[in-house]
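Taking it in order: structure first as structure tokens, then the write-up.
The values are calculated or read from the model by the stated rules, or taken from the named source; none is laboratory data. On a predicted model such as this, the values are computed, not experimentally measured, just so you know. Glycine also receives a Cβ, built like all others from the backbone with ideal geometry; neighbour counts cover every protein chain displayed.
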Amino acid sequence: MPRFAPSRPLSDPQLVDASADASPRRRHSRREATPEALANPLTQLVFPSWARADEKSPGAADPQKFAAESFFAAGAGLALLDRVFRENPPFAGTLRQRLALRAAGVASKILRLREDEGDLRDAEHLSLAGADPGRAGRLHALWRMLAVRSTRLDDEGVARILALIDAPPTIDAAGVAAAWQNAATKQRNPLAAATQAALLVTQTLPDAMSAEAEILALWAADLTLAKSLGWERPAPLLAIRILDPSLRRGPNGRRPRPGDPNWPEILAQAYALAAGDAHALAADLARRSAKLLALAPKLRAKGAARVIELLLADDAVSPARAERIAGLSDRAARRLFDRLVALGAVRELSGRSNFRIYGL
């Protein structure tokens, strides 16, 4: 029997006891004793209606009301999301990487590329090791990097980031790092710091790279926000809602960009919307991960514990990756995933009969 010990104490002995000993009658009579409830208190997360951003906010018709509501909703939403990331639940890696996939999908739209989220997931999890994932794949790698790195940014890190957005080698990586550090240290308010970081970083790229500069600005804003909030790792947030129709302004419905006169309140509104999305995703993953952890003691396949760790750490896992990392045969890996799907612990994400990918 594989032994799996989650890194957080929220889901160890009591989870195993609940899944192994509780009778069906007991589970019906005491809902709080179910594995899902015991695995993690985040399964009970509620995002109150008063904290939700109004997607039909007045905007240009009433700028003052729009600004006030945006900043309030952003503060409330980020405070609720702060609890999730400080709790560092077992599924935190999956949460960040799934947000990274969404952010990469938006970045692909900004650059007017054809790849959607499904294409980006395939490029990441099905490509041969060392193969060039293409421009969209590099965008996905950019956001995946954000989801696993610390909030510290040095010249070498900036150079890798610039390479992922296909910036010319003549761009001064040290200048970009200095601009980010300036924004991160001079603003005490997290939203103000993120706003300033986006503006300063945008100005470090040439006019011919305006779309790439936007993506870099969104990336830098998230990194700065995480540093200001004291999070261990950043979470991709701003990009996942920056193209929301409710944020468009002007007679032609122009989408917002760093440097616009109303950029601070637009950024706040986008963060407010993104916080609600991320909070809902966290609540869903809390329930799904609780079910997966409840099944862990029952899985007898060699390497099953390592596969569970992979599923809790990433957006998706392919059988080939499980085979390589967990030391399973191809047949054993596929049988394990088939059983997890049959038990309702994971989902097949590609919708294909071949080249399947699995995740929470």
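Does A178 qualify as being crowded, with 18+ Cβ neighbours inside 10 Å, of a type outside the set (V, I, T) and either touching a residue at least 24 places away in the same chain (Cβ under 8 Å) or assigned by TED's automatic domain parsing to the domain that holds Q97 (or both)? Against the criterion (crowded, with 18+ Cβ neighbours inside 10 Å, of a type outside the set (V, I, T) and either touching a residue at least 24 places away in the same chain (Cβ under 8 Å) or assigned by TED's automatic domain parsing to the domain that holds Q97 (or both)), A178 does not qualify. For the stretch 298-319, the set of residues classified as surrounded by fewer than 17 Cβ atoms within 10 Å (Cβ to Cβ) and of a type outside the set (G, A, S) consists of K298, R300, K302, R306, listed by residue number. As for the stretch 177-188, it holds at least one residue that is more than 27 Å from D119 (Cβ to Cβ), assigned to a loop (DSSP other than H, G, I, E, B) and more than 19 Å from the chain's Cα centre (by Cα).
On the given criteria, is P6 modelled with pLDDT under 80, under 30 Å from D122 (Cβ atoms) and buried (at least 19 other Cβ atoms within 10 Å of the Cβ)? The answer is yes for P6. A single member of E115, E156, E124, E87 is surrounded by fewer than 14 Cβ atoms within 10 Å (Cβ to Cβ) and either among the hydroxyl-bearing types (S, T, Y) or out of contact with any strand residue (DSSP E or B) (no Cβ under 7 Å at 6 or more places or on another chain) (or both), and it is E156. Of everything in the stretch 344-353 that is in a loop (DSSP other than H, G, I, E, B) and farther than 17 Å from L120 by Cα, the residue that is modelled with the lowest pLDDT is S353.
Number of residues in the stretch 129-173 that are farther than 20 Å from A213 by Cβ and outside any helix (DSSP H, G or I): the value is 10.
To keep it simple, each residue is scored yes or no on (1) buried (at least 17 other Cβ atoms within 10 Å of the Cβ); (2) farther than 29 Å from P48 by Cα.
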site: T185; (1), (2): no, yes
site: T204; (1), (2): yes, yes
site: S210; (1), (2): no, yes
site: E214; (1), (2): yes, yes
site: N252; (1), (2): no, yes
site: A270; (1), (2): yes, no
site: A282; (1), (2): yes, no
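The residue pairs whose first member lies in the stretch 324-352 and is in contact (Cβ under 8 Å) with a residue 12 or more places away in the chain, whose second member is among the aromatic types (F, W, Y) and surrounded by 18 or more Cβ atoms within 10 Å (Cβ to Cβ), and whose beta carbons are closer than 8 Å, counting only pairs six or more residues apart or on different chains, are F337/Y358; L340/Y358; V341/Y358; V346/F337; V346/Y358; R347/Y358; L349/Y358.
Find the residue count for the stretch 189-237, including only residues that are among the aliphatic types (A, V, I, L, M) and in a loop (DSSP other than H, G, I, E, B).
Number of matching residues: 3.
Which condition does A322 not pass, out of (1) at pLDDT below 90; (2) surrounded by fewer than 24 Cβ atoms within 10 Å (Cβ to Cβ); (3) not in a loop (DSSP other than H, G, I, E, B), if it passes all the others? Checking A322 against (1) at pLDDT below 90; (2) surrounded by fewer than 24 Cβ atoms within 10 Å (Cβ to Cβ); (3) not in a loop (DSSP other than H, G, I, E, B), the one that fails is (2).
Among the residues of the stretch 284-297, the ones that are in contact with a Pro (Cβ under 6 Å, 6 or more places away or on another chain) and either closer than 30 Å to Q196 by Cα or surrounded by fewer than 24 Cβ atoms within 10 Å (Cβ to Cβ) (or both) come to 1 in all. Which one of these does A268 not meet: (1) farther than 23 Å from F71 by Cβ; (2) part of a helix (DSSP H, G or I)? Looking at each condition in turn, A268 falls short on (1).
With respect to the stated conditions, A211 fails to be in contact (Cβ under 8 Å) with a residue 24 or more places away in the chain, more than 24 Å from N88 (Cβ to Cβ) and in contact with a Pro (Cβ under 8 Å, 6 or more places away or on another chain). Only one of the listed residues (E69, E55) is within 20 Å of D260 (Cβ to Cβ) and at pLDDT 75 or above. That residue is E69. The residues listed here are A92, A103, A131, A73; of these, the one that is more than 17 Å from the chain's Cα centre (by Cα), surrounded by 20 or more Cβ atoms within 10 Å (Cβ to Cβ) and either among the aromatic types (F, W, Y) or not assigned by TED's automatic domain parsing to the domain that holds L360 (or both) is A73.
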